[in-house]
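Peer 1: Structure incoming, see below.
The values are calculated or read from the model by the stated rules, or taken from the named source; none is laboratory data. The structure displayed is predicted, hence computed values, not measured ones. Glycine gets a Cβ as well: all are built from the backbone with ideal geometry, and neighbour counts include every protein chain shown.
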Amino acid sequence: MTASNYVTSSDPKNHDLAYDIQPDLDDQAQAYFKWVLGFTVGVAGVMFGFFAVSNNLLPVPWLWLGLFIGLSFFAYQRKRLNVSIDLYFVAIIGVFTFLLAEYGPTPTQITLLMIPIIVASLVAKKRLRLVTAAVVILEVLVVSSKLNGFFAALPSVIVPITINILLVFVSQFREADILDTVYWATDIQKKDRRRAESFYQQREELNAALLQLAHTHSKLETINAQLAQTNIDLAAAREKADRVSQAKSVFLSNMSHELRTPLNVIIGYSSSMLRMPQMFQHVPMPEIYKPFIQLIEDNGHYLVGLINDVLDLSKIEAGKLELHPTNLELPELLRGIISTSIGLIKDKPLTIRPDFPDDLPSVWADPMRVRQVLLNLMSNAIKFTHTGSITLSAQRVGDMVSISVIDTGIGIAESAQRAIFDRFQQAAQNIEVQYGGTGLGLDISKQLSLMHGGDLTVSSVVGQGSTFTLTLPLAAYVQPELEHTPDGELAAADLALEGSIPVSDRNCFVLVAEDEVNSREFIKQTLENNGYRTIHTHDGQEAVEFAAGFLPDLIILDAHLPTLSGWKALKVLKDQPETAHIPVIIYAAEEHSDMAATLGAALFIQKPTTAELLLERVEQITVKAES
């Protein structure tokens, strides 16, 4: 049997469903046919037995039935189901045809003709059912017409024929309804199966996504743990770096104090030997010694410069270097730099040329730091220039002022220009050997220029000279001015106590508080050899007690003293009514002029100093004691 015998629905999708259930329909039809065939074989056997017992010859219908039923059974045994069904219906229809022809269209005969149609509805194909119904109805009409005439037989056969036709249609429609129901159920099952498969696939994908999410979450937890540990390590490293930076600052501060103290003695005595013979009872110094004494003093000043550079670098690195900008008038500052630079030329055949107008606009900058940068540039130009000239020029360029130091010296190679502002690097090894290198000054100058909002650049040609250019921003608005002297010391005229008057003689009493023996002896000899009377101590508490007891005309107070620091001693002296009027000079290695002024000091002198400068500062603020 084929699927086309059973499909009755017009829906195209049902065609696929028919093929899906066709094996089940074939199995059902085969089971029905097996039962019908077995029953018919049984009936045929009974009939043959009956005629055999009665010793009658078998009539033709039963011989026909036996023959074709046997052939049908044989074909069924051979798995030829379609052939077996066809032979079976030939047998059945043939038997009823012979009976109808022999006995006529009796009601019994006509009723029995419904059996082939009923059997066909159970086991036969659609085509065979229709053929069977058509043959049965045609036989009834033909046999009835021959025996009684067509019109005479028609009333007696119309009812059974109609019943047979209705039976065929009922069978067909019932099968169609059953198939539609099966198709619908199968379609729902397929949809459910596809939905279940889709749900299963989605579940698997969801499980995979959840597994991936769990894996990602695990990775994130690992990363978070690593980040947390990294943060802890960074915090520890930052804390360690802060401790190192603080320790470095403390170390540099202590080293600055320790280095400046012996340098104070070296520079003080060497300068006194050259320019203050009264300190040595006017005993003349042999001329042969003077160049070497001068060399000692010069190198002392050079070491002081190196110490200042190291301290400045340390403050820049720690972000603690503060600028004190003001409306800075450049022409006066530039003329002062030229005057200072002329003293550095010594016996070199060099000319320093100014090239700037007197109406340069003011810039917003720290005077002390600008002077530091320009003096460093001028010092380097003098160092690396044998003959020729050094020009200090300045001009306005947009909203900046450009200040250039132009020399005719040895020049700088292009490859070295990129590293000349790098810390601790020299332009070239042979230059370092021959000229002493550029030191730390250029690096500091670069950083200071950037802190001002400007820059420091270089252009140079080897053998022709170099040009260093500093740019500073214009003072766009009037700012409250902060006064600083070029060398960072407090101005005596501004900070002298009320009532200070020029000294008419040197019969003044000075209290010197200095913890280092050599420095204390240097100050004592410098003052006493120039007409001052002194009393000295190495302890801060003793300085306060001596001041209250002796009431000196002036106190020179070292910032670092045992028992009571110079800063605390200064505060105590200014808080006590009996000593508040006494002018105090703070004498320290570190630059703390602002702090000194805030606490009420008359002057601040930074170590090391020369005997001339010490006397100059003392004479500015001492007063003659009233007799």
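Peer 1: I'd like the residue in segment 255-288 that is farther than 14 Å from residue 608 by Cα and in contact (Cβ under 8 Å) with a residue 12 or more places away in the chain and, out of all such residues, is surrounded by the fewest Cβ atoms within 10 Å (Cβ to Cβ).
Peer 2: First, pick out the residues of segment 255-288 that are farther than 14 Å from residue 608 by Cα: 273-288.
Narrowing further to those that are in contact (Cβ under 8 Å) with a residue 12 or more places away in the chain: 273-276, 278-279, 285.
On the way: 273: 19, 274: 17, 275: 12, 276: 20, 278: 10, 279: 19, 285: 12.
It comes out as 278.
Peer 1: If you don't mind, there's one more thing I want to ask. For residue 124, all conditions in the list (1) modelled with pLDDT under 70; (2) closer than 26 Å to residue 38 by Cβ; (3) surrounded by fewer than 21 Cβ atoms within 10 Å (Cβ to Cβ) hold save one; what is the number of the exception?
Peer 2: Against the list (1) modelled with pLDDT under 70; (2) closer than 26 Å to residue 38 by Cβ; (3) surrounded by fewer than 21 Cβ atoms within 10 Å (Cβ to Cβ), residue 124 comes up short only on (3).
Peer 1: Is it the case that some residue within segment 217-236 is of a type in the set (Gly, Ala, Ser), modelled with pLDDT under 75 and under 52 Å from the mean Cα position of the chain (by Cα)? Steps first, please.
Peer 2: Applying the first criterion (of a type in the set (Gly, Ala, Ser)) to segment 217-236 yields 218, 225, 228, 235-236.
After this cut, where a residue has to be modelled with pLDDT under 75 as well, the list is none.
Looking for residues that are of a type in the set (Gly, Ala, Ser), modelled with pLDDT under 75 and under 52 Å from the mean Cα position of the chain (by Cα), one finds none in segment 217-236, hence no.
Peer 1: Being touching a helix residue (DSSP H, G or I) at 6+ places or on another chain (Cβ under 7 Å) and on the phi < 0 side of the Ramachandran plot is the requirement here; does residue 526 meet it?
Peer 2: Numbers: touching a helix residue (DSSP H, G or I) at 6+ places or on another chain (Cβ under 7 Å): yes; on the phi < 0 side of the Ramachandran plot: yes.
Judged against the criteria, residue 526 is a match.
Peer 1: With the structure loaded, tell me whether residue 334 is farther than 19 Å from residue 460 by Cα and crowded, with 20+ Cβ neighbours inside 10 Å or whether it fails that test. Before the answer, list the steps.
Peer 2: Values: farther than 19 Å from residue 460 by Cα: yes; crowded, with 20+ Cβ neighbours inside 10 Å: yes.
It is true that residue 334 is farther than 19 Å from residue 460 by Cα and crowded, with 20+ Cβ neighbours inside 10 Å.
Peer 1: A further question follows. Kindly indicate the residue of segment 519-534 that is in a helix (DSSP H, G or I) and among the charged types (D, E, K, R) and also nearest to residue 258 (Cα to Cα) among those meeting that condition. Break it down stepwise before answering.
Peer 2: Within segment 519-534, the first condition is being in a helix (DSSP H, G or I), and the residues that meet it are 519-528.
Among the residues that remain, those that are also among the charged types (D, E, K, R) are: 520-521, 524, 528.
Details: 520: 14, 521: 17, 524: 20, 528: 26 Å.
Looking at residues that are in a helix (DSSP H, G or I) and among the charged types (D, E, K, R), I get 520.
Peer 1: Hey, another quick one. Tell me which residues, restricted to segment 555-573, are among the aliphatic types (A, V, I, L, M) and closer than 16 Å to residue 512 by Cβ.
Peer 2: Here is the first cut: in segment 555-573, the residues among the aliphatic types (A, V, I, L, M) are 555-557, 559, 561, 564, 569-570, 572-573.
Listed by number, the residues that qualify are 555, 556, 557, 559, 561, 564, 569, 570, 573.
Peer 1: Which members of segment 361-381 meet the condition of being surrounded by fewer than 20 Cβ atoms within 10 Å (Cβ to Cβ) and at pLDDT 90 or above?
Peer 2: 361, 362, 364
Peer 1: Okay, moving on. Answer with yes or no whether residue 391 is surrounded by 17 or more Cβ atoms within 10 Å (Cβ to Cβ), of a type in the set (Val, Ile, Thr) and in a loop (DSSP other than H, G, I, E, B).
Peer 2: It is false that residue 391 is surrounded by 17 or more Cβ atoms within 10 Å (Cβ to Cβ), of a type in the set (Val, Ile, Thr) and in a loop (DSSP other than H, G, I, E, B).
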